[in-house]
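> I'd like to ask you about the structure that follows.
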């Protein structure tokens, strides 16, 4: 049976102290019959914030570890770093992997519900792993949300003019259930800060690290953290209701004779194609380019008459919704006239 131990990092105040730590690790490794992979090990010496080259060898054991050069980075727990974390390089790497996984999921034949579930569990963790370690601005967080919408639109899983707010609402509330990356970012930051604040009373190391964090990390332990990206579900529903076009469907749902739970049952209990789901959302949001939409919303001067192209007897509406009586109340079903 083989046992491996990875990602061991040693800190020392000087070369002699580092030598002692290396000997200790070597002794332990020999006792458990587990050799050290010296080819994967690196050393870095930092003096007054600058990387300097100092050759340190545990002479009694022969442990010769290569010194890192200035500008060289290494991967520790999935994060590229040296004397500090290379934030720009790390963000580029994470976004590239974020896009790769998103494309891979959208190419599959997953139904709408499972596609969103796959994005939440396979794509979003690529970047959420870095929250609290790598700094992300509010603009960059919003860009991650935009990437999801753009790629889903490319694969016809979403209409480009559909409501952005509904994407991040729970399915039982009429949304598609995508994780709000901004809210997740703030939640993880606050959780890590709470952990450090709790440990400060028990550990001098945590206390010293918290006191020294003067905007060096995204946690900013010695400063109050201002929540910027979090919007509650009720606030999102309120924004949806206030929208001139997208909010019409929401206002219809609030009618006293409409059963909201049954109207959203197709989102939670039905398995339909992602493209079909995106089309239904577009119909409910009133963004399908009907003649009425082109003439009165897009205000196209060359638009044809707003009469229905099928029956030519009435206005072709932006919203096409059928009503079905079910168990003493009505549910809404989007249809094409």
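The values are calculated or read from the model by the stated rules, or taken from the named source; none is laboratory data. The structure presented is a predicted model; accordingly, all values stated were derived computationally and were not measured. We place every Cβ from the backbone using ideal geometry, glycine too, and count neighbours over all the protein chains shown.
> Check every one of the helices (runs of 4 or more DSSP H) wholly within segment 163-225 and list those with 2 or more residues that are under 30 Å from residue 11 (Cα atoms).
Hits in segment 163-225: 181-199, 204-212.
> Hey, among 119, 147, 141, which residue is surrounded by fewer than 20 Cβ atoms within 10 Å (Cβ to Cβ), assigned to a helix (DSSP H, G or I) and touching a residue at least 24 places away in the same chain (Cβ under 8 Å)?
One residue alone meets the criteria, 147.
> Of everything in segment 80-99 that's in a helix (DSSP H, G or I) and touching a helix residue (DSSP H, G or I) at 6+ places or on another chain (Cβ under 9 Å), which residue is farthest from residue 51 (Cα to Cα)?
Here the residue is 99.
> Would you mind finding the one in 331, 283 that is part of a strand (DSSP E or B) and either buried (at least 16 other Cβ atoms within 10 Å of the Cβ) or modelled with pLDDT of 85 or more (or both)?
The unique qualifying residue is 331.
> In this structure, does residue 229 turn out to be within 30 Å of residue 210 (Cβ to Cβ), touching a residue at least 12 places away in the same chain (Cβ under 8 Å) and buried (at least 17 other Cβ atoms within 10 Å of the Cβ)?
yes
> Does residue 237 fit the bill of being assigned by TED's automatic domain parsing to the domain that holds residue 278 and in contact with a helix residue (DSSP H, G or I) (Cβ under 8 Å, 6 or more places away or on another chain)?
For residue 237, the condition - assigned by TED's automatic domain parsing to the domain that holds residue 278 and in contact with a helix residue (DSSP H, G or I) (Cβ under 8 Å, 6 or more places away or on another chain) - is met.
> When you look at residue 304, is it free of Cβ contacts under 8 Å to residues at least 24 places away in the same chain, in contact with a helix residue (DSSP H, G or I) (Cβ under 9 Å, 6 or more places away or on another chain) and not in a helix (DSSP H, G or I), yes or no?
Criteria met by residue 304.
> Provide a single number: the residues in segment 150-162 that are in a helix (DSSP H, G or I) and in contact with a helix residue (DSSP H, G or I) (Cβ under 9 Å, 6 or more places away or on another chain).
Going through segment 150-162 one residue at a time, the tally reaches 4.
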